[in-house]
Amino acid sequence: MEAVKVPRGLAGVSVADTRISKSSADGSLVYRGYPIADLAANASFEETAYLVLNGKLPTRGELDSFASGIARRSSLDRRVFDIMGALGGGAHPIDAIRTGVSALGSIDAEQSIQDKEASIESKMPVLAANCLRVPKGEPPRLPGKTGGFADRLLQMLTPREASEFDRWVFERVLIFYMEHDMNASSFTVRVVASTLADPYAAASAGLASLKGPLHGGANEAAMEMLLRAKDPENAGPFVEATFREGRKLMGFGHRVYKQFDPRARLCKEYLGEMTKKRGDDRIYRLCDAIEREMWEKKKIPPNLDYYAAPIFYLLGIEVPLYTPIFAASRVFGWMAHYNEQVEENKLIRPDSTYVGHAGRSYVPIEKR
């Protein structure tokens, strides 16, 4: 069969049928048919995770069983922490989490695929919260006995006592990070799943794809950019200087969304309310000013990472933990993609167009 030439980066190319989620250029995003704004306004993280994994909203009994199962499985074998600790304080947080998940592949006693997936989903927040601490030799922070998924993760990420509203906002951001159709990490997971490797291998591969600044690392880069910009009054000169130096403004642009990212629009509202409650809206005004400058000059809207980053910052979470938070949530989307791929599997093995040398003959080393 003759190979079909497609755009670089597979832009605009559909590589699979999916029932999980869909983002569209008009600024819409649905999980299993439910608009993201509807879920953000009404659903808990656990409800949304159940929906993404199972294709339907849970009954009360199903939700209670699902949530208690996550809490019950969240305990980590001490050997996983020991392996992460052996990496040393210079380890990249994503490397530490990826190493932990790989270790689970050998240490976990789970037998069924479903139980393996549940174990990864339940333990990823603990790995994410400790990926900085444990390699530095600090004792791990373990999940509390009360609260939902988002509350327990936030308690491990920061010692600050969060308000009810702040906890609600954090849960919304986790919901937004949970799933986003055929993104780089989910596609990576599906490629590994297509080989029929186990969920640990697929999740490890998904984590590896988050290490670059163009996918998971963008929220950290966006916050570092905002910290450099400092003041709202400096937005114009900062944007101009960034362009002049040939650098990118992190947190802007998306392969799908060209007018607005619905997740960013909601997060902007949450950030505004958070700063209002704190009596200091400088970071909101800074974000808004840079957003307006970027739209005026480039017509490029902000994405989720741009407004999630300052929310995490106001919650007192260390910047290097922003991408691990992404992983703690996105793992549910990854496992949904793993299952969907395996259900109707065909090994993902694309072709390529060779553009290298041809007709060469070997020359002995003595004659080169």
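What follows is calculated from the coordinates using simple rules that are stated; it is not laboratory data. For clarity, every value in this text was computed on a predicted model and none was experimentally measured. Because the Cβ atoms are built from the backbone with ideal geometry, glycine has one as well, and the counts that use them run over all protein chains shown.
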(message) I want to verify a result. In a Gaussian network model of the chain, Cα cutoff 10 Å, which of these has the top mean-square fluctuation: Val101, Val342, Val189?
(response) Val342
(message) For a protection proxy built on the mean count of beta-carbon atoms within 10 angstrom, sort 53-61, 219-227 highest first, please.
(response) 219-227, 53-61
(request) Would you work out if segment 1-99 is rounded, prolate or oblate? Take a ≥ b ≥ c from the square roots of the eigenvalues of the alpha-carbon gyration tensor; rounded if a/c is under 1.5, else prolate when a/b is larger than b/c, oblate otherwise. (result) oblate
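Once you list every other residue whose beta carbon is under 9 Å from the beta carbon of Asn130, what net charge do they have if Lys and Arg are +1 and Asp and Glu are -1? Kindly include the intermediate steps, with their values, before the conclusion.
Details: positive: Arg133, Arg141; negative: Glu138.
Residues near Asn130 contribute +1 overall.
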(request) Under 11 Å from the Cβ of Gly217, count the other residues' Cβ atoms, weight Lys and Arg +1, Asp and Glu -1, and hand me the total. (result) -2
(message) Going through the cross-link list Lys22/Lys268; Lys230/Lys298; Lys22/Lys116; Lys116/Lys258; Lys116/Lys346; Lys211/Lys298, which pairs have a Cα-Cα distance over 30 Å in this structure?
(response) Lys116/Lys258
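Just need the relative contact order of the chain here, percent rounded to a whole number, with Cα pairs under 8 Å and 6+ apart.
Rounded, it is 24 percent for the chain.
Provide the packing ranking of 258-270, 5-17, 275-287, i.e. peptides ordered by the mean count of other C-beta atoms within 10 Å per residue, highest first. Please report the intermediate quantities before stating the final value.
On the way: 258-270: 19.9, 5-17: 9.8, 275-287: 16.1.
Put in order of decreasing packing, that is 258-270, 275-287, 5-17.
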(message) Using the Cα centre of the chain as the reference point, and only Cβ charges (+1 on K/R, -1 on D/E), how large is the resulting charge dipole? Debye, rounded to the nearest 20.
(response) 880 debye
(request) With θ set to phi - 60°, apply the Karplus curve 6.51 cos²θ - 1.76 cosθ + 1.60 along segment 177-183 and write out the HN-Hα couplings as whole Hz, x wherever there is a Gly or Pro. (result) 7, 5, 7, 7, 6, 8, 6
(request) Please give every one of the aspartates and glutamates within straight-line cross-link reach of Lys277, meaning a C-alpha to C-alpha distance under 13 Å, and leave out same-chain neighbours fewer than 8 residues apart. (result) Glu164, Asp166, Glu269
(message) Once you order the gyration tensor axes a ≥ b ≥ c over the Cα atoms, which shape class does the chain get: rounded for a/c under 1.5, otherwise prolate or oblate by comparing a/b with b/c?
(response) rounded
(request) Return the sequence-ordered ³J(HN,Hα) values of segment 350-359 in whole Hz as given by the Karplus equation 6.51 cos²θ - 1.76 cosθ + 1.60 applied to θ = phi - 60°, using x for Gly and Pro. (result) x, 8, 9, 9, 7, 10, x, 5, 9, x
(request) Return the long-range amide H neighbours of Phe252 (sequence gap of 5 or more, or a different chain), with a cut-off of under 5 Å between placed amide H atoms. (result) Asn303
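Answer rounded, prolate or oblate for segment 218-314, using the Cα gyration tensor with square roots of eigenvalues a ≥ b ≥ c: rounded when a/c is under 1.5, else prolate when a/b is larger than b/c, else oblate. Could you put the intermediate results ahead of the total?
Working: a/c = 1.69, a/b = 1.19, b/c = 1.42.
It comes out oblate by the Cα gyration axes.
Using only DSSP helix segments of four residues or longer, with each worth -39500 (n - 2.57), what per-residue ellipticity at 222 nm results for the chain after dividing by its residue count and rounding to 500? It would help to have the intermediate numbers written out before the result.
On the way: 16 runs with 204 residues, N = 368.
Taking each H run of at least 4 residues, the total per residue is -17500 deg cm²/dmol.
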(request) Sort out for me the Cα centre separation of segment 77-99 from segment 182-252, rounded to whole Å. (result) 22 Å
(request) Taking the Cβ of Val355 as the centre, find all other residues whose Cβ is under 15 Å away and add up their charges (Lys, Arg: +1; Asp, Glu: -1). (result) +2
(request) Work out from phi, with θ = phi - 60° and the Karplus expression 6.51 cos²θ - 1.76 cosθ + 1.60, the ³J(HN,Hα) of each residue of segment 145-161, listed in order in whole Hz, and give x for Gly and Pro. (result) 8, 10, x, x, 3, 5, 4, 5, 5, 4, 5, 6, 6, 8, x, 5, 8
(request) In debye, nearest 20, what is the charge dipole magnitude of segment 218-314 about its Cα centre with +1 on Lys and Arg Cβ and -1 on Asp and Glu Cβ, if you could check? (result) 260 debye
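What is the packing order of peptides 346-356, 113-123, 325-335, 293-303, taking the mean over residues of other C-beta atoms within 10 Å and listing the highest first? Can you show the working numbers first?
Values: 346-356: 8.3, 113-123: 20.4, 325-335: 26.5, 293-303: 17.0.
By packing density, highest mean first, the sequence is 325-335, 113-123, 293-303, 346-356.
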